[in-house]
Amino acid sequence: MNVVKKFFVALRKGTLSYKLFKLQNRYCRFYKIDDPDIRAIQSSRMAFEKLKKKYSYVLEKEIPVMERVKSSAIWVCWFQGIENAPLLCQTCVKRIQDVYGKKNVCVITKDNFRDYADLPDYIVDKWEQGIITNAQFSDILRIALLCEHGGTWIDATILILEKDIPSYLYDSELFVFADHISGICPNIQSSYMSAYKGSRLLNCTRELMYEYWKNENYLLDYSLFHLFFQMAEERYPEEWDKVYKYPNHATHILRKSIFEPFDERRYGQIKDVSVIQKLTYKKEVPENIEGTFYDRLIVHGEAFFKGE
């Protein structure tokens with residue numbers, strides 16, 4: 001396909017601005033910045049500024065003050081059903097049920113999400129067409145559920161290391177793990193989020209997400225949700241300033257050690273830093289895992305935690 005044809009196809013599909021943005025990104029990637037981490041931050045900052053300018057009219061709207069309502073609901077999602085999830089996710093969800101009580105945990109699937117979240121038809125349609133990926137649809141679901149019901153969203157890859165968890169994790173008007181450092185973009189982790197119903201900050205984030213997918217048919221940046229959340233932080237600083245400060249990198253320690261030999265002292269150190277640990281099922285599991293953290297906590301997790 002020649003350049004002219006590509007131009008008009010992109011124009012027709014509404015992806016021209018996306019392609020131009022990626023071209024600009026590519027220039028920064030190959031000619032200005034060598035470090036991949038710095039490139040990622042630079043890319044997100046560029047996306048942040050572009051989105052903030054384009055959707056400033058959403059940010060200008062005042063979200064009304066609402067009654068804050070606490071909820072004990074725990075939201076977990078695996079679209080194919082948790083019985084079809086990888087072993088790591090099944091173990092994590094079983095642990096979530098043990099900690100919070102099975103009756104409080106609602107597992108969202110592709111078959112039941114409509115029972116809990118009132119999503120715009122255009123978003124569901126774009127998801128079913130493959131325009132919105134499962135990862136992005138999951139971001140939309142979590143913000144919709146927390147806005148409509150409140151409660152705690154926990155990714156199916158979160159392992160909770162201790163039943164006696166700090167109260168700020170479930171009893172705050174709003175809590176997310178975040179880097180409260182000026183200039184970090186994005187600055188939050190969305191895998192564990194707790195909120196009362198009625199958060200203006202979350203409602204603002206939801207409005208930005210809805211408006212974006214009403215207008216766009218492409219994903220500008222993988223951290224789209226996080227970038228919009230950060231805009232909402234700036235819009236409602238009085239709410240953001242009340243959030244308990246806990247760095248998100250504290251939840252990534254176990255993942256780095258998961259296939260190393262289990263060590264009780266090391267395990268205690270990880271627990272002391274954060275009882276919430278974000279894992280991944282995308283790492284290839286080695287052939288010999290006997291005696292590793294993975295073996296003790298994932299393969300034999302139920303027996304391991306039984307003695308608490």
Net length gained if the chain between residue 111 and residue 218 were fully extended (0.36 nm per residue, minus Cα distance): 36.0 nm
Residue exposure sequence - 92, 106, 204 - by fewest surrounding Cβ within 10 Å: 106, 204, 92
Amide H within-cut-off set for residue 174, under 5 Å, with H built and near neighbours excluded: 196
Residues of type aspartates and glutamates that residue 61 reaches as a straight line, Cα spacing below 17 Å, ignoring anything fewer than 8 places off in the same chain: 207, 211, 233, 234, 238, 239
Residues 108, 131 arranged by fewest to most Cβ contacts within 10 Å: 131, 108
Computed over region 74-249: relative contact order in percent, which uses C-alpha pairs under 8 Å that are six or more apart: 24
For 44, 274, order by how many other beta-carbon atoms lie within 10 Å, fewest first: 44, 274
Nearby aspartates and glutamates by direct alpha-carbon distance to residue 283 (threshold 17 angstrom, same-chain neighbours under 8 apart not counted): 155, 260, 295
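Any read-out appearing in this document is the output of simple, stated calculations on the displayed coordinates, not a laboratory observation. A quick note: this is a predicted structure, and the numbers were derived from the prediction, not measured. Using ideal geometry, Cβ is built from the backbone for each residue, glycine included, and neighbour counts are taken over all protein chains shown.
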